[in-house]
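Just below is one structure, and these are the notes that go with it.
The values are calculated or read from the model by the stated rules, or taken from the named source; none is laboratory data. Since this is a predicted model, take the numbers as computed values, not measurements. Cβ coordinates were reconstructed from backbone atoms using ideal geometry, including for glycine residues, and neighbour counts include every protein chain displayed. Please note that ligands, DNA and RNA were not included when accessible areas were found on the heavy atoms of the full protein model with its side chains. Shrake-Rupley method; radii C 1.70, N 1.55, O 1.52, S 1.80 Å.
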Amino acid sequence: MSVTLADIEAAARRIAGVAVRTPVLESPALNERTGARVLIKAETLQRVGAFKFRGAYNRLSQLTPDERTRGVVAFSSGNHAQGVALAARLLDMPAIIVIPSDAPAVKVAATRGYGAEIRFYDRAGEDREAIAADLAQQRGAIIVPAFDDPHIIAGQGTVGLEIADQAAALGTSIDLVVGPVGGGGLMSGVGLATRARHPAARIVGIEPSGFDDTRRSLAAGERMGAPPAARSLCDALESPMPGRLTFPILQRTLSDVLTVTDAEVAEAMRYAFEVLKLVVEPGGSAPLAALLAGKLEVEGRVAAIILSGGNVDPDLFRRVLARET
């Protein structure tokens with residue numbers, strides 16, 4: 001099933017009044033440092049602290065009454081888990097979330113707090129998709145993928161619509177949109193929306209170094225997996241490969257994919273806290289990391305960067321601020 005601008009516009013109507021229309025922020029200090037006008041799309045201020053709520057609510061709100069009774073199953077390292085858990089609570093349906101045992105404690109606690117049942121799994125030795133499929137079969141529940149679903153993609157694409165509308169309200173248009181890439185749900189949706197509103201804009205995805213499956217997949221022309229032993233500070237971006245639905249959209253819409261190191265991400269987290277006064281999780285900091293590291297050509301341009309989430313483990317955040325990691 002393809003995803004169209006009309007699907008994204010319908011998702012925007014569906015989530016209106018439920019999801020937060022997050023602000024676009026500007027920092028004179030960041031503009032001066034980069035020589036650009038940087039519009040910061042603060043999805044850290046979204047419900048559940050991440051953009052994932054958009055796609056989750058768009059998907060779950062379209063389930064039939066019978067499907068709602070049977071509930072949903074999702075698998076996620078944290079933010080999609082929270083998005084599905086909250087959407088399920090708002091729509092009065094049961095949810096079970098398959099979460100890696102090493103997921104950040106803050107994300108696990110929040111998911112449980114929204115009322116979802118949790119099933120932990122071992123990243124190294126278990127298949128989360130197989131576990132989810134088994135649970136769905138046992139309970140007659142609906143599987144809600146983190147990114148490889150047209151309704152999820154359309155929901156995430158509302159970020160791109162809002163950026164375009166908010167830029168227009170500021171009397172400008174976008175030259176560049178930068179966002180993080182895990183499985184590709186966010187940037188495939190944002191790519192579609194941006195191409196429709198700003199056809200000439202460059203759209204750049206950011207991945208962690210060593211976990212650059214999308215960059216390598218685009219270069220090869222086919223989906224490539226990340227190295228099995230790869231790990232990153234950006235836990236939210238550790239999807240094993242681009243999705244079957246997201247990859248062809250990324251091929252059509254992305255201008256480039258760049259990578260950032262854990263050290264660059266940590267520096268961006270510190271800058272976001274100290275200068276922008278925002279708490280941003282590692283994966284959500286990746287676009288800012290690329291900007292601060294000089295990896296993006298932005299001078300004299302209007303650049304929108306998506307800070308996609310703010311759910312950082314408190315101890316990790318302390319260590320990042322103390323320069324211990």
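Numbers below:
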| quantity | calculated |
| --- | --- |
| Unmet criterion (only one of (1) surrounded by 23 or more Cβ atoms within 10 Å (Cβ to Cβ); (2) within 24 Å of Thr111 (Cα to Cα)) for Ala42 | (1) |
| First in region 94-119 and at positive phi, second anywhere and not in a strand (DSSP E or B), Cβ under 8 Å, 6 or more apart | Gly115/Ala85; Gly115/Ala88; Gly115/Arg89 |
| Filter result for the condition that a residue is out of contact with any Asp or Glu (no Cβ under 9 Å at 6 or more places or on another chain), at pLDDT 95 or above, open to solvent by 10 Å² or more (accessible area, probe 1.4 Å) and of a type in the set (Val, Ile, Thr), over Thr69, Thr34 | Thr69 |
| Residues (part of a helix (DSSP H, G or I), aliphatic (A, V, I, L, M), at pLDDT 95 or above and open to solvent by less than 50 Å² (accessible area, probe 1.4 Å)) located in region 212-264 | Ile249, Leu250 |
| Residue count for region 226-281, restricted to those that are in contact with a helix residue (DSSP H, G or I) (Cβ under 8 Å, 6 or more places away or on another chain), more than 14 Å from Ser209 (Cα to Cα) and not aliphatic (A, V, I, L, M) | 12 |
| Number of positions in region 72-114 that are farther than 27 Å from Phe317 by Cα, open to solvent by less than 10 Å² (accessible area, probe 1.4 Å) and in a strand (DSSP E or B) | 3 |
| Region 123-134: number of residues that are at pLDDT below 90 and either open to solvent by less than 70 Å² (accessible area, probe 1.4 Å) or out of contact with any strand residue (DSSP E or B) (no Cβ under 7 Å at 6 or more places or on another chain) (or both) | 5 |
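Residues checked against (1) touching a residue at least 24 places away in the same chain (Cβ under 8 Å); (2) touching a Leu at 6+ places or on another chain (Cβ under 7 Å):
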position	(1), (2)
Arg13	no, no
Ala29	yes, no
Thr34	yes, yes
Arg37	yes, no
Arg47	yes, yes
Arg54	yes, no
